[in-house]
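The values are calculated or read from the model by the stated rules, or taken from the named source; none is laboratory data. Computed from a prediction, not measured in an experiment: that's the story for all the values here. Cβ: placed from backbone, ideal geometry, glycine included. Neighbour counts: every protein chain shown.
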Amino acid sequence: MQPTPKPSGKVAVISGGSSGIGRAFVEKLHARGYIVITCGRDPAKLEKLAQDFPGVKTGICDVSDTAAIRAFADDVVRRHPEIDMLISNAGGMRELDFTRDDITDQDPTEEIRSNLAGAIEWMATFLPAVRRASPSAIVVVTSGYAMAASTRGPVYSAAKFGLRGFAKALRRQLAGHGVTVTEVLPPLVDTPAVAHRSGTKVSATSVAELALTAVANGKSEVHPGAVRWLPFGLRMAPSFIENMVAKS
Ligand SMILES: NC(=O)c1ccc[n+]([C@@H]2O[C@H](COP(=O)([O-])OP(=O)(O)OC[C@H]3O[C@@H](n4cnc5c(N)ncnc54)[C@H](OP(=O)(O)O)[C@@H]3O)[C@@H](O)[C@H]2O)c1
């Protein structure tokens, strides 16, 4: 198959674009004329997305499955050898109680495979194409829980702390290669993933908009909503802030 020539539109590849924050990235980049390609696990959600945003290309890919990432990326990169923006967004949090005797029956490390290892595999797999498009950008969606852990989501917090560390190191490795790395640390966002939770939520659209503005301005981190107080709070009153976040 011949590579698709890069016309006016730049190319953006997003994991988990069929819902929530990923969908908001799809919407914004589609509106800006990007060729948008995204993946998820549920074909029905991807079909709906493709109907809502004609031209957006979708594929099935579970980011916790390295072979699936490789197959998806092979297909994408054959058509689009240069990727201007890569977004690592797919992920989710389960509430796990490690005081339960049956905790080992609950696949306790699942979030490490999807939110951490999967995100790293995703970026590693697409990086050659991202570097070819230099100047280009990587966006990594972590969480406010990457700075202070959530009691209800211990493994999710571990995965996001790890992903934050990876993003920091990757940014340094890619400095000088014309690829920026912008980490987004959202607070509670109004998405289907947290529909069951109460509390102040920011919109997915506002998170995507802030992230894309940060990329345009070369900013390395985005702290939407209440997360903007976290770095200062953790410096000034670390125990108090960690307790507060732990309970949230
Ligand atoms: N919502 C919040 O309050 C919040 C706060 C901080 C950080 N975040 C982070 O923001 C990101 C997006 O969350 P969201 O709230 O927008 O969730 P969401 O509405 O549930 O959307 C998650 C998206 O990722 C896909 N996805 C999930 N697991 C996947 C996997 N293993 N492989 C491929 N695709 C997968 C989902 O599609 P399928 O279900 O079809 O796979 C869906 O498209 C996550 O990394 C999350 O940790 C969210």
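Assorted remarks:
- The residue that is surrounded by the fewest Cβ atoms within 10 Å (Cβ to Cβ), counting only those in the stretch 102-148 that are within 18 Å of LEU86 (Cα to Cα), of a type in the set (Val, Ile, Thr) and within 16 Å of the ligand (Cβ to nearest atom), is ILE120.
- The lone criterion from (1) surrounded by fewer than 22 Cβ atoms within 10 Å (Cβ to Cβ); (2) acidic (Asp, Glu); (3) in contact with a Ser or Thr (Cβ under 7 Å, 6 or more places away or on another chain) left unmet by GLU183 is number (1).
- Sole exception among (1) closer than 27 Å to ALA117 by Cα; (2) among the hydroxyl-bearing types (Ser, Thr, Tyr); (3) out of contact with any Asp or Glu (no Cβ under 7 Å at 6 or more places or on another chain) for THR66, by number: (3)
- Selection count where residues are modelled with pLDDT of 95 or more, of a type outside the set (Asp, Glu) and more than 10 Å from the ligand (Cβ to nearest atom), scope the stretch 9-57: 22
- Restricting the stretch 168-199 to residues that are charged (D, E, K, R) and under 19 Å from ALA124 (Cβ atoms) leaves a set whose member that is farthest from the ligand (Cβ to nearest atom) is ARG172.
- Taken over the stretch 149-180, the criterion of being assigned to a helix (DSSP H, G or I), surrounded by fewer than 17 Cβ atoms within 10 Å (Cβ to Cβ) and of a type in the set (A, V, I, L, M) is satisfied by ALA169 alone.
- Screening ARG100, ARG41, ARG113, ARG70 for residues that are more than 19 Å from the chain's Cα centre (by Cα) and of a type in the set (Lys, Arg) leaves exactly one candidate, ARG100.
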